[in-house]
Amino acid sequence: MRQIAICLVVFSCLLTTAWADTITVTASANGTGSDGVPDSASDSSTTGTASARADIRDGFARSTISTSGAGAVTASGLFGGSPNSLGAVATYERVIMNTSGSAQDFFFDFTISPALLRIYDNAGVNEFSSQQNRMSFAIDISFAGLSLFDAAATMRGGSKGHVLEETGTDLGGVFSIVTPTAARDRDWLEAQYRFGGFTGTLDLGTLAAGSSATLLYTMSATLSTLTGETGGAASIGDPFDLSGTPGLSGEIRSEPAGGPSPDPIPEPGTLLLCLAGLGAGVVWRRRAR
């Protein structure tokens with residue numbers, strides 16, 4: 001049994017992953033309220049979670065993203081005065097290096113949680129008004145500087161009419177009007193689009209042995225209002241609870257290009273340690289006899 005255990009240790013020493021990486025996540029938020037007072041925040045991390053929040057009168061923006069790959073953004077407010085603007089951005093940057101002895105095909109499996117766009121309006125604006133409300137979200141995923149996936153939507157207007165503008169992948173927004181329950185809000189229109197989730201796999205292409213490339217994805221949520229008694233929300237996931245509702249999450253995987261690849265060659269130091277372990281096993285076996 002001891003010989004088997006030693007062999008397993010030696011075998012595991014000889015195995016290495018096909019690629020290595022470095023990850024940087026960045027979160028930022030900003031806003032300016034009707035009182036003209038701005039607020040902004042930013043954060044970054046290479047080992048954990050980055051989170052940022054900006055607060056203005058009657059509204060806030062927040063972004064959170066983890067090196068595990070999960071992130072979310074939101075911007076929300078219900079304003080008495082104007083103008084108001086809020087924005088939240090989360091960025092995930094992963095530099096991948098092929099450390100195997102042969103070319104590798106890389107893939108990115110990802111999931112997008114349902115997004116939301118919502119308008120509150122008691123001012124009676126429409127999509128043609130210069131005072132229209134505007135809520136939007138956007139997602140972009142790129143590899144080696146080439147955009148492979150994007151989805152964006154903007155809801156603009158108010159209680160007298162609105163329009164939804166979409167670009168990139170259609171996430172299937174479903175429109176509804178919500179009747180406010182509080183008596184003080186009975187004259188406010190609350191119209192929204194809820195978008196479906198999305199799960200997909202991106203073919204990132206082939207990296208030659210020793211080469212590297214960067215996976216980058218960004219998500220954002222913004223809102224702006226130009227008249228009082230208006231507001232809204234834009235969100236992708238829940239930045240207050242990444243474990244429950246991440247806006248975007250994903251993982252990279254690889255496989256040998258064109259078939260099985262040869263076993264990677266271990267570094268000299270690793271090989272010496274493995275051989276030392278193997279030698280110890282041989283000595284132990286001889287003494288046991």
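Since every read-out is calculated from the coordinates, none of them should be taken as a lab result. Everything numeric in this text was worked out from a predicted model, so none of it was measured. FYI the Cβ positions are ideal-geometry reconstructions off the backbone, even for glycines, and counts take in every protein chain you see.
Using the Cα atoms of the stretch 20-260 to build a convex hull, what is its mean projected area in square nanometres? Before the final figure, lay out each step's value.
Values: hull surface 54.1 nm².
Spelled out: convex hull of the Cα atoms, projected over all directions, averaged, 13.5 nm².
Taking just the alpha carbons, could you work out the radius of gyration and Dmax for the stretch 188-253, both in angstroms?
18.1, 60
Net charge near Ala75: determine it from the other residues with C-beta under 12 Å of the C-beta of Ala75, scoring Lys and Arg +1 and Asp and Glu -1.
Spelling it out: positives minus negatives among the neighbours equals +3.
With Cβ to Cβ distances under 13 Å as the rule, what net charge do the other residues near Leu146 carry (K, R +1; D, E -1)?
Net local charge, Leu146 excluded: -3.
Please compute one quarter of the surface area of the Cα convex hull for the stretch 49-166 and express it in square nanometres.
Mean projected area for the stretch 49-166: 9.4 nm², to one decimal.
What is the magnitude of the charge dipole of the stretch 20-260 about its Cα centre, with +1 placed on the Cβ of each Lys and Arg, -1 on the Cβ of each Asp and Glu, and no other charges, expressed in debye to the nearest 20?
That gives the stretch 20-260 a dipole magnitude of about 340 debye.
Along the charge dipole of the stretch 20-260, which of Ala20, Gly250, Ser85 sits closest to the positive end, that is, farthest toward it, with unit charges on the beta carbon of Lys, Arg, Asp and Glu (+1, +1, -1, -1)?
Ser85
State the extension gain, in nm to one decimal, for the chain segment bounded by Glu93 and Leu164, taking 0.36 nm per residue of separation less the distance between their alpha-carbons.
So the extension gain works out to 22.5 nm.
Report Rg/Rh for the stretch 145-244, rounded to two decimals, where Rg is the Cα radius of gyration and Rh the Kirkwood radius.
Ratio of gyration radius to Kirkwood radius for the stretch 145-244: 1.09.
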